[in-house]
Amino acid sequence: MTGSRRDRKGRAPRDADRWTRVAPPSAASPSTGPTARRAADPPDETLQPRDRGPVRAYVRDLVDARRGLVGLFAPGFGGTLIAALGPRSDLQRWLLLICAVLLAVAVVDAVVLGRSVTRRARARFPDETVDGLPTGWYAFMRAHRNRSLRRPPPRVVPGTPVP
């Protein structure tokens, strides 16, 4: 079989697009601003159903632009679990207290985030139905994940004002 190309594992390509390489955008390129990133976003059809629509895209931008304490939820929960399972000592009591306070602060921040994101989404999209609990839950689930693990990937830089 002459002319058949295979990759390192011996697999044949399914189509010609798999063999083309796309150069990553350079850091010095002027088209790496927020508008260029929005143009490179995947279309709505490729997103999961929970991530589709302009309201969810706006909520994602609000959450990604915000610096908050909700990200401390998972470490606080892990610290509480480790401290609760550890041997009884004064250190364990202090760790439980600190982690419980951290969890309480993260929960309050999550409630504030959910309410503010829902309020801003309702103001931005008055013609669409924006349910409070699902929108707040979506914002919390996105906010408590590490930024590098969020899918779809963030489009805005933290601290950037979102209109």
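The values are calculated or read from the model by the stated rules, or taken from the named source; none is laboratory data. Since the model is a prediction, treat every value here as computed from it, not as a measurement. Backbone-built Cβ (ideal geometry, glycine too); neighbour counts: all protein chains shown.
Of note:
- Residue check, residue 119 charged (D, E, K, R) and either modelled with pLDDT of 95 or more or out of contact with any helix residue (DSSP H, G or I) (no Cβ under 8 Å at 6 or more places or on another chain) (or both): yes
- The residues of the range 39-66 that are among the aliphatic types (A, V, I, L, M) and either at pLDDT 80 or above or not in a loop (DSSP other than H, G, I, E, B) (or both), listed by number, are 39, 47, 55, 57, 59, 62, 63, 65.
A quick yes/no check of all residues on (1) free of Cβ contacts under 8 Å to residues at least 60 places away in the same chain; (2) loosely packed, with under 14 Cβ neighbours inside 10 Å; (3) more than 13 Å from the chain's Cα centre (by Cα); (4) over 22 Å from residue 102 (Cβ atoms):
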residue	(1), (2), (3), (4)
124	no, no, yes, yes
133	yes, yes, yes, yes
138	no, no, no, yes
144	no, no, no, no
162	no, no, yes, yes
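- The range 67-82, residues that are surrounded by fewer than 19 Cβ atoms within 10 Å (Cβ to Cβ) and either modelled with pLDDT under 85 or within 20 Å of residue 109 (Cα to Cα) (or both): 67, 68, 69, 71, 72, 74, 75, 77, 78, 79, 80
- Residue within the range 88-95 that is assigned to a helix (DSSP H, G or I), more than 17 Å from the chain's Cα centre (by Cα) and closer than 23 Å to residue 149 by Cα present: no
- Cβ separations smaller than 7 Å between residues 6+ apart or across chains give the following pairs from the range 94-118 residues that are over 22 Å from residue 136 (Cα atoms) to residues that are of a type outside the set (A, V, I, L, M) and surrounded by 15 or more Cβ atoms within 10 Å (Cβ to Cβ): 95/79; 96/80; 99/76; 99/79; 99/80; 100/80.
- Qualifying residue in the range 100-114 (condition: in contact with a Gly (Cβ under 8 Å, 6 or more places away or on another chain) and surrounded by fewer than 14 Cβ atoms within 10 Å (Cβ to Cβ)): yes
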